[in-house]
1. For a distance above 15 Å, tell me the whole-number percent of Cα pairs in region B:321-379 that qualify.
2. Under a crude label model (7 Å from the Cα following the beta-carbon direction), how far is B:Ala408 from B:Ser261 in nanometres?
3. Could you tell me which of rounded, prolate or oblate describes region B:275-362, using a ≥ b ≥ c as the square roots of the eigenvalues of the alpha-carbon gyration tensor, with rounded for a/c under 1.5 and, failing that, prolate when a/b is larger than b/c and oblate otherwise?
4. What aspartates and glutamates could a cross-link reach from B:Lys425, if we take a straight Cα to Cα line under 13 Å and drop same-chain neighbours fewer than 8 places away?
5. Quick one: which residues, 5+ away or cross-chain, put their amide H under 5 Å from the amide H of B:Ile134? H built at 1.01 Å from N.
6. Extension gain B:Gln12-B:Asp292, at 0.36 nm per residue separation less the Cα-Cα distance, in nm?
7. Classify region B:229-301 as rounded, prolate or oblate, taking a ≥ b ≥ c as the square roots of the eigenvalues of its Cα gyration tensor: rounded when a/c is under 1.5, otherwise prolate if a/b is larger than b/c and oblate if not.
8. For the pairs A:Lys42/A:Lys177; B:Lys329/B:Lys649; B:Lys353/B:Lys389; B:Lys303/B:Lys389, note any where the Cα-Cα span goes beyond 18 Å.
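The values are calculated or read from the model by the stated rules, or taken from the named source; none is laboratory data. Please read these numbers as outputs of a predicted model, since none were measured by experiment. Positions of Cβ are generated from backbone atoms using ideal geometry, with glycine treated the same way; all protein chains shown enter the neighbour counts. When the accessible area is computed, the model is the full protein with side chains, heavy atoms only, and any ligands, DNA or RNA have been set aside. Shrake-Rupley method; radii C 1.70, N 1.55, O 1.52, S 1.80 Å.
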Amino acid sequence: MSFVRRITLALLCMCASIAVTAPVSEAVRADSTPGFAAHEIKAAFLLHLFQFVTWPETKVAPVELCFVGESDVSRSVAALLAKRRSGINARQLSDPSDFSGCSLLYIDNASATDNTLALDTALASSVLVVSDQPGFAEQGGMVELERQPARIGLIVNLPVLEAAGLKPSSKLLRLAKVLGSSAGF
Amino acid sequence: MIPVKVSRTIRQQVSQITAGVTALVLGVTLFVVVYISQQNALNQALGQAEIIARVIGSNVTASIAFRDPATAGELLDALAVSPEILRAQVFLDDGTPFADYQAELSQGQFSKQGASTGASIDRSSYVKEIVTPIILGDTEIGTIVVWLDSWPYQYQIYMGLVFAFVVWLIGAVIAYVLAQRLNERVTRPINDLSNLMVRVSSNEDYSSRFEHHENNEIALLGASFNQMLGQIEDREQRLQEAIRELKKARDDAQEAARSKSSFLANMSHEIRTPMNGVVGMISLLQRTELNDQQRLYFDTIDKSASSLLMIIDDILDFTKIEAGRLEVKSELLSLQDNLNSIAAFFDEPARNKGVEFGVTNDPNIPDKILGDSGRLRQVLLNLLGNAMKFTEHGSVRLKVMSAGNPIARRIRFEVSDTGIGIAPKDQQRIFSEFFQADATSTRQFGGTGLGLAICRQLVTLMGGSIGFHSALGVGSTFWFELPMQAEIINPFEKAVPDATSAPTNPFLKGEASAEVHVSSADTNQKQAAPMAGGHQEPLRFEAQVLVAEDSEVNQFIIRELLATVGLKPTIVNNGQEAVESFQSNRYDLVFMDIQMPIMDGVVATRILRELQAQQGVNPRCLVVGLSAHAMSGDRERYLQEGMDEYLTKPIAIAELERVLRGLLRPVNDMILWR
């Protein structure tokens, strides 16, 4: 099976599992970094990711942060964006499959539907796909926000990232769990 | 001598200035350089630390963004490579600490506030805090604080300064030593010049010159100095020459003066000797039997001889004054006695002329005063003589009064007459030598014209002043003032009776005779002396007398004179014969002429005295000196030479009698030997 297909498959499976795990992650969300709710942290991370990932030059401003469906995270992001100008535009995707105009696509675990993601679109359009679904990165996702006892960690699937033409900063990679290597498969 | 004391030489001064400047500049330079360089090192360290902080800050942005303290810590750990970094901390933008690093060796706690607890006191103050913001994008997301131990750098600065100080010290010393050595080139010429000047001025050696080798101001100074020395040398030479010439001129002048003096002396003798003969003869003749006509003739001759003597005396006095040889005595005299004898002198002539004559004295003036009685009388005689001469009728008065002020008292003598007076045109020159008011009066009244000039000289010599006022046809008043010097009260001082004073106590005669001075003026008064002694009954002596006199005329005279008092002398022609005769015969008295050929009186007297003392020849014989000299000092000199008495020629009978009376025992008198 081609790599692309495998990714697609993974994504689909992910979507499926999301519904199952959603309530679990909801419950776990409670004990995050003291003072901040997990969704707030994740929102911050999303915004920060823009600062540590380089999109190919073909991608031009405005920078779009797309959400599939509303979630706590999307609302936090909106709140953060309202506080200060950052040049980032957050929008809800009306059509989950049409995310080619996005720079970053966030798929919230909680609000995931059984939408299927066209991975090749992501790869082709250099969209950074981020999710907090457990196992997302392993299953072919680019960046996973991992729930850890005291914090939110990052898991970066480097090959996928690079395949999308995205370059992560070494600073980012340093503190993330990096899956795979950039040397081919 | 050199009035300046050299406490710091120019060399020292220059060295000190040079070394001082060098040291100062060197010191400042070193200090600045060292300090700045060390400060730079420190700043560099600080700068580096800041850079490191920034780098790390940049690196931890992700850690902060993604809340990963672990990786931040790891990054901070990289600071271990810089041992001066004691601690570093990353803070979030709200100030909460995020990550921490502490060097192993740092002691104590360091906080963002910078206070240290428990660290070594010295070094805590050297910890520098570097705060750098951590910026992500355009926002400050946190702060990184790095604590840097600046002590190593500070230490280096201190060490550097110490080292610089040592270097400076050494440098300053070297500078001073070198300056001393090298400035010699400049200061040596100065020293040379200065030494030369000192030498020249202390040795007065003006032949030295300064050699210069450089062409600077010192050389200029030296050249000027040389020039000056040359001029001085020149002047010295000229001065020496001038001195030589002056000395020669002075010697010549002294020689001339000596000649003049000896001329005077000779003249005095030469003139007096024949005069002695004339006057002596006249007096002898006047004692013989004469008829009226002869007496008249002889009186005339006498008058003429006296006038001649007066004139001669005037001339001699004048020449003495000219030669500066006239001396004025300061002896005790009795003013009243002198006035009395003067008065007596003019009584008769005034009466004969029909002119009133009077002498008034101020009783407040002390009688005993210091002065030269002979010269005083000379002046008075001159002035009174003039007054008498030029007054045909009326009066001539002598007034004596006190004058001056209490501090400087003077005696004033005024001679006023009602004579012909002096014309105004003549008054100016009245005191000039050889001046006569007019030729007719000279013919009428006679005189050499020297009188007033001599008076003025005498008065001046006596410390006084002279003057006159006169109106033609009315009369004249001549005055002179002398400083009044009262006697020094000394009970042992002998009174000085004058030869022509009133008869004194014969008992005192012998004592006083030594003090009496015989002046030429006295001989004029031989006829006027209201005399002392011996005219009551003829004086007779008995004694063996020897006379040593080379002039035949004088021999004759003295033989005759002695005959009048009953003495028959043995006469010899010179000192040598006198000595021989003295040894072979017995004598009571010797009249010894001074000026004699072969052996003069002084030498002969000396020999006689020796014979008396050592061989007992004529032990009690007395010696009377005879001389035509009438110079002041002669009498004293001859008395010192061993004579007992002294007479001037021409010999006055009265004088002779006085001396004889003083030395011998008159036959018809009860006086004891002296």
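1. Considering region B:321-379, 60 percent of its Cα-Cα pairs are separated by more than 15 Å.
2. Roughly 3.1 nm, to one decimal.
3. oblate
4. Reachable aspartates and glutamates: B:Asp438.
5. It is B:Ile141, B:Gly142, B:Thr143, B:Ile144, by chain and number.
6. Extra length from B:Gln12 to B:Asp292 when fully extended: 89.7 nm.
7. Cα axes put region B:229-301 in the prolate bin.
8. From the list (A:Lys42/A:Lys177; B:Lys329/B:Lys649; B:Lys353/B:Lys389; B:Lys303/B:Lys389), the Cα-Cα distance tops 18 Å for B:Lys329/B:Lys649.
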